[in-house]
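Working notes, structure below.
The values are calculated or read from the model by the stated rules, or taken from the named source; none is laboratory data. Here the structure is a predicted model, which is why all the values come from computation and not from measurement. Cβ: placed from backbone, ideal geometry, glycine included. Neighbour counts: every protein chain shown.
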């Protein structure tokens with residue numbers, strides 16, 4: 001049995017990472033949201049599987065939270081925002097897709113090279129999980145800096161948080177309160193982002209950061 | 001030990017009292033603060049004398065203050081006790097003088113001096129008893145900031161803001177250097193108590209870097225050229241008794257820091273450290289006095305003269321260091337005694353001269369030598385005491401300045417005992433530079449004294465000057481008397497601080513401390529020379545009396561004839577503007593040295609014939625340290641700031657990119673280093 005537990009959680013973690021890559025090359029906002037939903041679903045499944053495999057019921061709560069917030073509420077809300085604000089649906093990458101993918105692969109390599117030697121004493125599952133979640137975090141950051149659209153920056157931020165949750169469920173004994181607080185802080189951040197998006201849009205008629213920056217009246 | 005800590009606590013209390021009473025009656029507040037500070041400092045100085053006379057043992061104290069896991073380590077040994085004596089004696093006379101000065105020279109624009117004065121003294125005392133790097137640096141910064149605030153207390157004068165700004169920058173720079181130095185000396189094991197630094201001598205590279213940083217950090221506080229630029233700006237800007245403390249006493253705290261690190265903490269020194277001290281000491285001495293000669297501002301002249309004296313002390317320290325490194329402890333003890341004696345001497349005559357400048361300032365409301373003159377008739381007591389100070393700082397026998405220079409030259413003349421050829425030749429050059437500096441110092445003080453006190457008054461204020469009050473005169477008389485006493489009988493003092501010499505270079509200046517006659521100074525038999533101040537005094541007294549008799553008998557009684565046109569000097573001229581001025585006196589030296597060293601330019605603006613405006617001579621010069629060091633550094637900082645300023649106007653995405661890149665670089669570093 002332990003083998004299956006390991007393989008399954010490894011698989012789910014890898015799916016989360018794969019979705020991070022998928023987020024990187026999306027050119028349309030709706031497909032971006034869809035991929036993000038898929039990532040949240042994979043994450044929620046990973047949490048639930050960990051809870052089942054290790055007999056830790058509080059992980060089910062985590063899974064449920066992730067499912068409701070990340071896979072249902074936030075994508076729907078963002079979807080609504082996009083429709084309501086009539087945002088241009090295409091994403092303008094600041095960095096070309098090919099380069100972004102190359103950078104992403106190097107980041108995954110870096111995190112594996114980094115995590116595996118450091119955690120030599122930990123169990124194989126923890127090590128793999130940490131490497132995967134660090135990769136997800138770094139890819140989320142990469143996404144935030146390689147896209148000009150404000151919505152895609154929000155999605156990048158959310159996927160960073162997914163990476164953190166992935167790390168939290170992988171490490172045995174992480175108390176529920178930590179996950180709860182992370183989840184709620186992301187919730188708050190999401191609300192703030194939402195409000196900001198409305199205001200930015202109202203004021204500047206665009207969510208393209210490049211346009212907005214010119215309003216600061218500063219030299220670039 | 002407990003007494004010193006109590007004294008510091010009392011000083012802090014007095015500072016609080018000064019703050020509390022600042023709004024109430026000024027006279028009472030001054031009596032309380034200056035009286036209290038004077039008594040506390042006097043008692044602390046007496047305690048230091050008793051401690052040194054009792055052999056100068058080591059006492060330690062650990063106070064549970066500061067960061068939770070670190071307590072404050074305090075320690076008094078013979079070296080600290082010696083410097084405690086110097087500082088607290090200076091503090092006591094400054095309190096006495098300051099009390100009178102506050103009455104005589106009411107400056108409506110002056111800020112609060114009362115609470116800061118005891119605070120400044122407390123800071124200096126704390127530096128001396130610190131026994132770990134934390135206490136040392138905190139109290140060092142405490143001292144710097146207190147003195148900075150004191151400089152700012154005259155903030156309404158035009159020059160003060162710039163002086164305070166330059167001082168703040170240099171003080172921060174010095175503290176930063178000291179911080180790095182202690183970090184290097186403590187090494188990786190991270191125990192910053194001086195005991196631990198002494199026990200684990202750092203490796204050669206770290207020790208050398210640490211010593212260099214201390215020389216830069218403490219040297220900037222002491223006023224070593226080229227880091228002296230703040231000193232002639234900040235010292236004169238403060239009220240006169242504070243100027244005296246900053247110039248005569250605070251620079252000694254910096255000397256203490258140099259001695260503590262290079263002679264005590266670091267173990268066996270390298271000879272080239274002494275070489276650096278010698279070279280910069282000689283540069284400091286010559287440049288300081290040359291610049292002092294060019295000044296028309298009395299207090300600024302004194303500040304530059306401090307730079308010169310610091311140069312002499314640094315030369316003595318360098319000599320002690322090279323002799324110690326070359327294992328010639330007897331001569332090292334001689335040089336160290338010269339350094340410590342000069343520390344005492346300079347603290348005495350420099351405070352005396354600054355008090356004198358303060359008296360003149362209170363009487364004439366000017367620091368400009370060109371507006372003084374003839375003050376000897378108006379202020380006879382001040383003039384007499386200033387004469388003692390000027391003679392002492394010019395190293396004239398039988399005053400204390402001469403004894404210090406004599407000891408120093410004994411050490412310099414023994415340079416052939418060193419094995420390094422570079423030093424044998426170099427020290428001879430340094431000796432020549434020191435002799436030049438001493439001669440120029442004499443010229444400088446002839447100029448100061450002659451212009452300010454002799455001749456005819458050059459302004460109405462100088463003509464109407466009147467003698468200052470008793471407290472100020474007494475404040476000057478005490479150091480003046482000591483200048484004479486130490487000059488005539490130096491041996492008891494040198495014997496008093498012999499334990500400090502023994503602590504630092506493992507030898508004393510005398511063959512046998514107990515057998516040393518107190519009446520003449522006969523240091524170690526290795527040099528075979530001795531100095532008898534009493535004989536000198538008697539000889540000079542007899543010769544002077546004879547000379548006075550001869551002049552009165554054969555010269556004064558004669559009918560004298562004078563020129564009908566004395567170079568335009570009209571006797572009843574109330575302003576006496578055609579007198580020889582301070583600038584005229586300095587002109588030959590300005591011509592000889594100034595045009596190259598200071599880029600001095602004389603510009604004569606001569607009106608056309610028939611034009612009635614006066615001719616005007618303008619002299620411009622610049623301190624080379626500004627042109628060669630500080631302006632280029634300032635420009636480089638400006639350029640760097642311009643470049644970095646662009647970072648302030650990046651887009652959010654670029655900021656995120658920078659953070660991201662920094663994170664990735666750090667992760668790569670971890671990944672690379674751990675394998």
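Summary of computed values
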| read-out | value |
| --- | --- |
| Residue satisfying condition, being surrounded by fewer than 11 Cβ atoms within 10 Å (Cβ to Cβ), at pLDDT below 85, out of contact with any strand residue (DSSP E or B) (no Cβ under 6 Å at 6 or more places or on another chain) and in a loop (DSSP other than H, G, I, E, B), within set B:554, B:565 | B:565 |
| Criterion (surrounded by fewer than 15 Cβ atoms within 10 Å (Cβ to Cβ), touching a residue at least 12 places away in the same chain (Cβ under 8 Å) and over 23 Å from the mean Cα position of the chain (by Cα)) met by exactly one of B:53, B:20, B:7, B:29 | B:53 |
| Residue check, residue B:297 surrounded by fewer than 24 Cβ atoms within 10 Å (Cβ to Cβ), within 19 Å of residue B:154 (Cβ to Cβ) and more than 12 Å from the chain's Cα centre (by Cα) | yes |
| Filtered residues of the stretch A:141-160 (kept if surrounded by 24 or more Cβ atoms within 10 Å (Cβ to Cβ), more than 14 Å from residue A:97 (Cα to Cα) and facing another protein chain (nearest Cβ under 10 Å)) | A:156 |
| Subset of the stretch B:620-675 [in a loop (DSSP other than H, G, I, E, B), within 11 Å of chain A (Cβ to nearest Cβ) and surrounded by 13 or more Cβ atoms within 10 Å (Cβ to Cβ)] | B:650, B:651 |
| Helices (runs of 4 or more DSSP H) lying entirely in the stretch B:199-246 (those with 2 or more residues that are surrounded by fewer than 24 Cβ atoms within 10 Å (Cβ to Cβ)) | B:204-222 |
| Residue within the stretch B:233-251 that is in contact with a strand residue (DSSP E or B) (Cβ under 9 Å, 6 or more places away or on another chain) and either at pLDDT below 95 or in the same structural domain as residue B:600 (by TED's automatic domain parsing) (or both) present | yes |
| Residues (surrounded by 11 or more Cβ atoms within 10 Å (Cβ to Cβ) and at pLDDT below 80) located in the stretch B:575-600 | B:575, B:576, B:577, B:578, B:579, B:594, B:595, B:597, B:598, B:599, B:600 |
| Tally, over the stretch B:247-276, of residues that are part of a helix (DSSP H, G or I), touching a residue at least 40 places away in the same chain (Cβ under 8 Å) and more than 25 Å from residue B:351 (Cβ to Cβ) | 10 |
| Some residue of the stretch A:69-89 being in contact with a strand residue (DSSP E or B) (Cβ under 6 Å, 6 or more places away or on another chain) and touching a residue at least 12 places away in the same chain (Cβ under 8 Å) | yes |
| Of all residues in the stretch A:116-138 being modelled with pLDDT of 85 or more and within 11 Å of chain B (Cβ to nearest Cβ), the one that is surrounded by the most Cβ atoms within 10 Å (Cβ to Cβ) | A:138 |
| Flag if residue B:205 is outside the structural domain of residue B:597 (by TED's automatic domain parsing) and over 27 Å from the mean Cα position of the chain (by Cα) | yes |
